[in-house]
Amino acid sequence: MTLRLYNTMSRTKEEFTPREAGNVSMYVCGPTVYNHIHIGNARTFLSFDVIRRYLEHSGYDVAFVQNITDVDDKIIKAANEAGVPAADIAARYADAFLKAMADLGVRRPTAQPRATETIPEMIAMVERLIGRGHAYVVDSDVYFSVRSFPGYGKLSGHDIDELEVGARVAADERKEDPLDFALWKAAKPGEPHWPSPWGEGRPGWHIECSVMSEKELGLPFDIHGGGSDLVFPHHENELAQSEAATGESFARYWLHGGMLNINAEKMSKSLGNFTLLKDVLTSYPAPVLRLLMLQTHYRSPLDFSTERLDEATVALGRVATLVRNLRWARSEPPADSGAPDSQREALASAIDDARAKFTAEMDDDFNTAGALAAVFELARTANSFLASSQQTLSAADHAILAGAETTVIELLSVLGVTLQEQTTTGDYPREVIAVAAELAGYDGDDTSLAVDALLAARAAARSERNWAAADIVRDELARIGFAIEDTPTGARVVYRQEG
Ligand code: AMP
Ligand code: ZN
């Protein structure tokens, strides 16, 4: 199977072939840092994080560039309201953005340029556009002449004459045409400014993406991404600027994510119906939010609600429990007899099916919803294997259960969804060895054997009705982060990393 993706430019799913075999160049518009990001913004950034992860999983080297807009009208407004310099607002919220992305498990781009660090290159592009007759100066502002670029409207599917009718309503007489947009804006008193051939000023928003993408990736780069609300005018304008300035094609595939809605309305700062990402992450772990978002295809609208977060919590908890049970089932040495061959074969083919379906779904325009369904299907089959009544498990059973566990963990991790509990014995804290030495006479150096020794000591104490000794073992384990679960076949521990 080859990867197919929906290209906004052609309005069809196309087979993906990068410009250079084995390498993908990708640019995703970043945030304007004037406030904390909301979960709508986070959805778009998460979608492209997963797209990047899947491309890497598929064997590509991915150059992933995302800008940070750190000079803009909204930043200046927020700075004026707070009575601090615009640069302070930008620095504060750029830091907050980076932290929130890390907390959500979004990987850092390979390059993350800031607008204020790219001013000379932006001035150079504006000069090129003026030189080629695509831009003009009015006082100390520079505008892009939309009519000078014949392809204007090709990305968003807008007809330039129809756009003109709408634009005339809010016409600014200084522009030659109401559709023209600012490349460079003269600074008003108190605004951040840089010297330019047209006087002190600052860049328009669209120009920064044109400049940074070309600087980091060269033209045409493979994938340009953002939320669907950026198609027009932002991406249409980026495209017009870049192609007009260079005579080259700008981006090969345009990918746009659907909006996150709340009560069927787009979540946005201006409507005031937003929930900040950082606030959601104080109540719900990142993998839960990721799971919720990835259960919807990235191009479809997503209706957000706390009920859906709670459902995702339950769904992820079930998978975590399954993984624990798969490990627990293998904690005893294998017996001579186990499950019937037919049952093992069924689980083996469920593993193969899950892997194949996961890849097919992701290759189909990154259908994370279908990919997750494949993982959950495997989880169900593995659960019913465990629930069926075999009394003992053979070495072959152990192998197939280990295969199921690895597959579930691995496929989820391609989507950046990690399970809540650290269940790998290798991650047990070494402190448990000293506790086992003291309470259970354990003299080895293996954390999971130390846990076993403690559980055995607790069982012995309980059989002697020495509840105090049993409780000490439980409390000491709890202090390190282990919870004891008593099951019909004995006690086991669950380790919680944060414990
Ligand atoms: P902004 O800082 O407003 O430019 O937005 C940053 C990113 O978030 C852009 O890619 C937007 O398309 C995206 N975005 C804004 N609102 C939403 C929303 N409600 N759902 C999904 N993405 C959004
Ligand atoms: Zn952009």
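The values are calculated or read from the model by the stated rules, or taken from the named source; none is laboratory data. Keep in mind that this is a model prediction, so the values were computed, not measured. Quick reminder, even Gly has a Cβ in these numbers, built from the backbone with ideal geometry, and neighbours come from all protein chains shown.
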Query raised in the report: Pick from ILE76, ILE68: which is within 16 Å of ligand 2 (Cβ to nearest atom), in the same structural domain as LEU277 (by TED's automatic domain parsing) and farther than 23 Å from ASN261 by Cα?
Result: ILE68
Report task. Go through (1) assigned to a helix (DSSP H, G or I); (2) touching a residue at least 24 places away in the same chain (Cβ under 8 Å) and name the single condition THR406 misses. Result -> (2)
Query - Members of the range 218-271 that are of a type in the set (Lys, Arg) and either more than 10 Å from ligand 1 (Cβ to nearest atom) or not assigned by TED's automatic domain parsing to the domain that holds LEU46 (or both) - result: ARG252
Requested in this report: List every residue pair whose Cβ atoms lie under 9 Å apart, where the two residues are 6 or more positions apart in sequence or sit on different chains, the first residue falls within the range 17-45 and is farther than 21 Å from ASN237 by Cβ and free of Cβ contacts under 8 Å to residues at least 40 places away in the same chain, and the second residue, located anywhere, is among the hydroxyl-bearing types (Ser, Thr, Tyr) and surrounded by fewer than 19 Cβ atoms within 10 Å (Cβ to Cβ).
Outcome: THR17/THR2
Report task. Would you be able to say whether some residue in the range 275-294 is within 16 Å of ligand 2 (Cβ to nearest atom) and in the same structural domain as GLU164 (by TED's automatic domain parsing)? Result -> no
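Among the aromatic types (Phe, Trp, Tyr) and in contact (Cβ under 8 Å) with a residue 60 or more places away in the chain: does that describe PHE366?
Considered against the rule, which asks whether it is among the aromatic types (Phe, Trp, Tyr) and in contact (Cβ under 8 Å) with a residue 60 or more places away in the chain, PHE366 comes out as yes.
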Query - Hits in the range 102-126 (condition: part of a helix (DSSP H, G or I) and in contact with a Ser or Thr (Cβ under 9 Å, 6 or more places away or on another chain)) - result: ALA115, ILE119, MET122, ILE123, MET125, VAL126
**Report entry** Subset of the range 63-103 [among the hydrophobic types (A, V, I, L, M, F, W, C) and under 19 Å from LYS188 (Cβ atoms)]
**Finding:** VAL71, ILE75, ILE76, ALA78, ALA79, ALA82, VAL84, ALA86, ALA87, ILE89, ALA90
Report task. Please name all residue pairs, on different chains or six or more residues apart, with Cβ atoms under 8 Å, provided the first residue is in the range 200-217 and is in contact (Cβ under 8 Å) with a residue 24 or more places away in the chain and in the same structural domain as VAL137 (by TED's automatic domain parsing) and the second residue is within 11 Å of ligand 2 (Cβ to nearest atom) and of a type in the set (D, E, K, R). Result -> HIS206/GLU238; CYS209/GLU238; SER210/GLU238; SER213/GLU238
Query raised in the report: In this structure, does THR275 turn out to be surrounded by fewer than 22 Cβ atoms within 10 Å (Cβ to Cβ), in contact with a helix residue (DSSP H, G or I) (Cβ under 6 Å, 6 or more places away or on another chain) and under 30 Å from VAL451 (Cβ atoms)?
Result: no
Report task. Output the qualifying pairs, or none if there are none: Cβ atoms under 8 angstrom, residues six or more apart or on different chains, first residue in the range 254-273 and of a type in the set (D, E, K, R), second residue outside any loop (DSSP other than H, G, I, E, B). Result -> LYS266/GLY40; LYS266/ASP229; LYS266/LEU260; LYS269/HIS38
Report summary line: Of the candidates SER268, SER228, the one satisfying the condition of being surrounded by fewer than 22 Cβ atoms within 10 Å (Cβ to Cβ) and over 30 Å from ASP61 (Cβ atoms) is SER268
